[in-house]
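Trainee: The structure under discussion is supplied below as C-alpha cells; questions concerning it will follow.
The values are calculated or read from the model by the stated rules, or taken from the named source; none is laboratory data. Remember, predicted model here, so these are calculated numbers, not experimental data. Please note: Cβ atoms are built from the backbone with ideal geometry, for glycine as well, and neighbour counts cover all protein chains shown. In case anyone asks, the SASA skips ligands and DNA or RNA and just uses the protein heavy atoms, side chains included. Shrake-Rupley method; radii C 1.70, N 1.55, O 1.52, S 1.80 Å.
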Amino acid sequence: MAHLPSKRFQHSPLFYIVLACFASALASGIVFGWAGMVLILIREGEFEELCDGQFDEDGTCRAQSAVLAGVYPWGAVSTMLGFSIWGQLIDRKGPRITCFAGCLSIITGLLIFSASSSKTFNAFTVGYFFMGMGGPGVQLSILSFANLLPKVRNTILQCFSGLFVVSSFIFSIFQFLNQHFDISRRTLVLSYVVAPLCILVCALSYWPKTGIRLPPPPAAAAAPLSSPLPLSGFVEKHDDNKETSNDKQIPSQTGSVPDTVPDTVPDAVSDAVDVVRVVDNENSTLESPPAKPAPLNKMYSVKFDELPAASVSSFDILKSKVVSFFTQTPKYGTLPQESPHAGNSHTNNRTNNHTHNSSNSSNSTMSIKVVSGSARWFEATNKPRPGTAVFEHLPFSEAIRVPLFWYFALWSALQTLRVNYWVGAISGQLAELGDSPAATNMIYTRIVSMIIPFGIITITPYGLLMDRFGLQMGFQVLHFEHVLLGVLSLVPSLSIQVLNAVVYMVLRPAHFGFQYAFVARVFGFTNFGKFFGIICVCTGLIGMLQFVLVWISYNVFDGSSTVTNTICLALTVPGFFFRHVLRANQIA
C-alpha cells in the first residue's frame, strides 16, 4: 500500500480516487469539446460580419470558418504548455497548490470567454487559452492518486485519461441546451464557473500537500543477504589449473555487454545492487558479501555470436540503427561504456561474438552477464518488484539524458499534433464533404461532437490490457489506432468520417493514458511532473505546426484537407520503430 503523506487521508483510497475522477471529468480537458462550442458560435452569428453576405451554396462562410478554426489551436497548445508549467509546480509545491492554481486559470478563461464578442470584445482566443492552460493543473494533481491502489495503477491512470476526454462532453451539452432551449452561450459558460470552484474547495480540503508515492523496494541496496541463493550461470570463476577456454560461451542476454570492465566496482554501484555474482560451479550459492566488493580480476572472457551479414535486410539495418541509438544510456561514474554494436544484438535477438582479453595475466577468468542499457551495472540479486519504475532511482539530471525519453517525447508530440489537428479541422472537413446547414442541417457534425466524449467506455479495457500484458502490447494497440485514424481520414465519405470519429473516441483516452503509464512505469512519480512537463513542452512547440496545417488547407488547397491528412498519416512512421525500442530497453 502506498504511503499516505498527509494526516488528512482519513478515508478509504476509493474515496479519493472517486473525487479525483469527478475533478478530471469536470475540468481537465473541456477545451477539446470544440466541435460542440463552434456550433454555438456559428448559431449566434459570431464573426458572421466577415462574410459580407458571401455564403457558399451550402450556406457556409469560409471567412467565418477560417477564423473559428484558429481559436481551437490556442486551447490545445496552451494545454500542452500547461502540463510543463504545472509539472514544475507539482514537483515543488505538491498536488494541492497545483490544483488550486489550475482551477483559477480555468475560472479566468471561462469569465473572459463568456464576455467575448466578435463585434465588441474579441477575446475568444485569450479565454480559450486560459481554459486550456488550467486543465492540466487539475489533471496532474490527481495522477499520483493511482498509487493508492498500486496493483491496478495502469487501469486507474487510464481511467483518469478517459475522464480527461469525457470533460470535452461539457461543450456538447452546452450545444444541446443552446439549440433546444435557446440558452445563450454567455449564460452557459458563466454558470459553469461553479464547477472549478467546487473542485478548488475539494482540493484545499482533501488533496495532499505532497504527491503519493510507492514505498521503496523492500530489499535495501547495501544490506547483506541473510540466506544463500543459487546463481549458476551469471558470473563464473574458473581455476587456471583446469583446462578452460577464455572463449567460454555464456547464456544469451538481451542487453549490451561493455567492451571494458573496471578493476573494481564503484561505490555508487555497490549502493545500487547487492554484489557481483561469483559462482565456483553450477551448484554453488551466493554467500553474504563483504562490506565492500572485492576487486575483480583484470582478465575477463565475454563472448558474443556474430550476426551473419547476408541475412540482414535494409529495413533490419535501419531498424537496428534506430533501436541501437535509443537504447544507449548516460555514463555513470567510472562504469564502462557499452559496445557500439549492442543494438544489433537487441534487435535481432542474437548474441554477439567478441573476445576481450587483458594483457595482464591473472589467476582466474570470469564470464560476466551484464544487464541491458536500462541498467548500467551488473545484474543485482534483488531485482525490482513488478511495477517499480526503471529509472526512478536515477537523479533527474541523469535520467533526462536517457535517449529513450527523448524518442518517446518526439513520438508523443507528433501523435498529439495529429489528433489535435483532427479535432480542430473536423467540422471544416465535414463541410467540405457536404455537411452544411442547407444540405444536411450539419447532422454529421452534431453526431461527431456527441460521439467523441464516449471514449470513457474504453478506458477500463485498455488499462487492464496494459496491466495484464504490459506497455509493449498497449503500444501496439495504440499505434494501430493512430494509423487507422490517418487512413480513414483520407476517405471522402461522411459515413466513413463518422466511423473515424469512433476511432478517435477510442484513440484519445488511450493515447494520453499510455503517456501517463509510460512515464510512471519508466521514470516513476518522483519527478513525474518534470518529465511529463518536458514532453508537453515538446508537444506544445511541435503543436504550433497545427496553425501551418490549417493555413495550408484553407489558403493553398482552397479548404481541401487531403494533403494535410496525408502529412498527418506520414507522422505515424516513428511508431513502427518504438515497439522495438521498448523491447530493447526491456520495458515490459
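Trainee: Are any residues in region 122-139 in contact with a Gly (Cβ under 6 Å, 6 or more places away or on another chain) and of a type outside the set (Ser, Thr, Tyr), and if so, which ones?
Mentor: GLY127, PHE130, MET131, GLY132, MET133, GLY134, GLY135, PRO136, GLY137, VAL138
Trainee: Test LEU41 against the criterion of being over 32 Å from the mean Cα position of the chain (by Cα), closer than 17 Å to ILE30 by Cβ and in a helix (DSSP H, G or I), and give yes or no. Don't jump to the end; show me each part of the working.
Mentor: Working: over 32 Å from the mean Cα position of the chain (by Cα): yes; closer than 17 Å to ILE30 by Cβ: yes; in a helix (DSSP H, G or I): yes.
Here the answer is yes, as LEU41 does meet what is asked.
Trainee: Turning to a different aspect of this structure: Quick one: count up the residues across region 38-67 that are within 21 Å of PHE547 (Cβ to Cβ), open to solvent by 20 Å² or more (accessible area, probe 1.4 Å) and among the charged types (D, E, K, R).
Mentor: Qualifying residue count, region 38-67: 1.
Trainee: Here's a follow-up. Kindly list the number of the only condition in (1) under 15 Å from ARG579 (Cβ atoms); (2) open to solvent by less than 40 Å² (accessible area, probe 1.4 Å) that fails for MET473.
Mentor: Result: MET473 fails condition (2) only.
Trainee: Answer yes or no as to whether GLU46 is of a type in the set (Asp, Glu) and modelled with pLDDT of 90 or more.
Mentor: yes
Trainee: Here's a follow-up. Checking the condition touching a residue at least 60 places away in the same chain (Cβ under 8 Å), surrounded by fewer than 21 Cβ atoms within 10 Å (Cβ to Cβ) and under 27 Å from GLY455 (Cα atoms), which residue from GLY162, GLY70, GLY102 passes?
Mentor: Numbers: GLY162 fails: surrounded by fewer than 21 Cβ atoms within 10 Å (Cβ to Cβ); GLY102 fails: surrounded by fewer than 21 Cβ atoms within 10 Å (Cβ to Cβ).
That would be GLY70, the only listed residue that is touching a residue at least 60 places away in the same chain (Cβ under 8 Å), surrounded by fewer than 21 Cβ atoms within 10 Å (Cβ to Cβ) and under 27 Å from GLY455 (Cα atoms).
Trainee: Which one of THR210, THR155 is under 30 Å from LEU465 (Cα atoms) and touching an Asp or Glu at 6+ places or on another chain (Cβ under 8 Å)? If you could, list the steps in order and put the result at the bottom.
Mentor: Working: THR210 fails: touching an Asp or Glu at 6+ places or on another chain (Cβ under 8 Å).
Sole residue among the options that is under 30 Å from LEU465 (Cα atoms) and touching an Asp or Glu at 6+ places or on another chain (Cβ under 8 Å): THR155.
Trainee: When region 428-459 is examined, which residues are found to be closer than 20 Å to ASN154 by Cα and surrounded by fewer than 15 Cβ atoms within 10 Å (Cβ to Cβ)?
Mentor: Selection gives ILE457 alone.
Trainee: Test THR460 against the criterion of being closer than 17 Å to VAL165 by Cβ and at pLDDT below 85, and give yes or no. Outline the logic, then answer.
Mentor: On the way: closer than 17 Å to VAL165 by Cβ: yes; at pLDDT below 85: yes.
It is true that THR460 is closer than 17 Å to VAL165 by Cβ and at pLDDT below 85.
Trainee: For LEU414, which of the numbered conditions (1) open to solvent by 30 Å² or more (accessible area, probe 1.4 Å); (2) touching a residue at least 24 places away in the same chain (Cβ under 8 Å); (3) among the aliphatic types (A, V, I, L, M) fails to hold?
Mentor: Every condition holds for LEU414 apart from (1).
Trainee: Here are some residues: ILE107, ILE142, ILE112, ILE170. Which one is closer than 26 Å to LYS530 by Cβ and β-branched (Val, Ile, Thr)?
Mentor: Just a single option satisfies the conditions, and that option is ILE142.
Trainee: A further question follows. Could you list all residues from region 426-437 that are out of contact with any Phe, Trp or Tyr (no Cβ under 9 Å at 6 or more places or on another chain) and hydrophobic (A, V, I, L, M, F, W, C)? Steps first, answer last, please.
Mentor: Just the residues of region 426-437 that are out of contact with any Phe, Trp or Tyr (no Cβ under 9 Å at 6 or more places or on another chain), to begin with: 431-432, 436-437.
The answer is ALA431, and nothing else.
Trainee: Then there's this: Any residue in region 479-486 that is free of Cβ contacts under 8 Å to residues at least 24 places away in the same chain and either surrounded by fewer than 24 Cβ atoms within 10 Å (Cβ to Cβ) or under 18 Å from the mean Cα position of the chain (by Cα) (or both)?
Mentor: Of region 479-486, the ones free of Cβ contacts under 8 Å to residues at least 24 places away in the same chain are 480, 484.
Now restrict to residues that are either surrounded by fewer than 24 Cβ atoms within 10 Å (Cβ to Cβ) or under 18 Å from the mean Cα position of the chain (by Cα) (or both): 480, 484.
Yes.
Okay, residues lined up against (1) basic (Lys, Arg); (2) under 30 Å from ARG468 (Cα atoms); (3) in contact with a Phe, Trp or Tyr (Cβ under 9 Å, 6 or more places away or on another chain):
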residue: ILE85; (1), (2), (3): no, no, no
residue: GLN88; (1), (2), (3): no, no, no
residue: SER105; (1), (2), (3): no, no, yes
residue: LEU110; (1), (2), (3): no, no, yes
residue: GLY127; (1), (2), (3): no, no, yes
residue: PRO150; (1), (2), (3): no, yes, no
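Trainee: State whether the residues of region 450-467 include one that is closer than 26 Å to PRO73 by Cβ and of a type in the set (D, E, K, R).
Mentor: No, region 450-467 has no match at all.
Trainee: Could you name every one of the helices (runs of 4 or more DSSP H) located completely within region 97-214 that has at least 3 residues being of a type outside the set (Asp, Glu) and closer than 17 Å to LEU19 by Cα? Let's see the steps before the verdict.
Mentor: Details: elements: 124-143, 153-166, 169-181, 185-191, 194-206.
Those helices (runs of 4 or more DSSP H) span 124-143, 153-166, 194-206.
Trainee: So which of LEU229, LEU200, LEU214 ends up being at pLDDT below 80 and either under 26 Å from PRO509 (Cα atoms) or in contact with a Lys or Arg (Cβ under 6 Å, 6 or more places away or on another chain) (or both)? Spell out the reasoning first.
Mentor: Numbers: LEU229 fails: either under 26 Å from PRO509 (Cα atoms) or in contact with a Lys or Arg (Cβ under 6 Å, 6 or more places away or on another chain) (or both); LEU200 fails: at pLDDT below 80.
Exactly one of LEU229, LEU200, LEU214 is at pLDDT below 80 and either under 26 Å from PRO509 (Cα atoms) or in contact with a Lys or Arg (Cβ under 6 Å, 6 or more places away or on another chain) (or both), namely LEU214.
Trainee: Please identify the pairs in which a residue from region 545-560 that is in contact (Cβ under 8 Å) with a residue 60 or more places away in the chain has its Cβ atom under 7 Å from the Cβ atom of a residue that is among the basic types (Lys, Arg), counting only partners at least 6 apart or on another chain.
Mentor: Pairs found: GLY559/ARG62.
Trainee: Further, regarding this structure: Among residues belonging to region 554-581 that are closer than 28 Å to VAL522 by Cβ, among the β-branched types (Val, Ile, Thr) and open to solvent by less than 20 Å² (accessible area, probe 1.4 Å), point out the one that is modelled with the highest pLDDT.
Mentor: Applying the filter and picking the extreme gives THR572.
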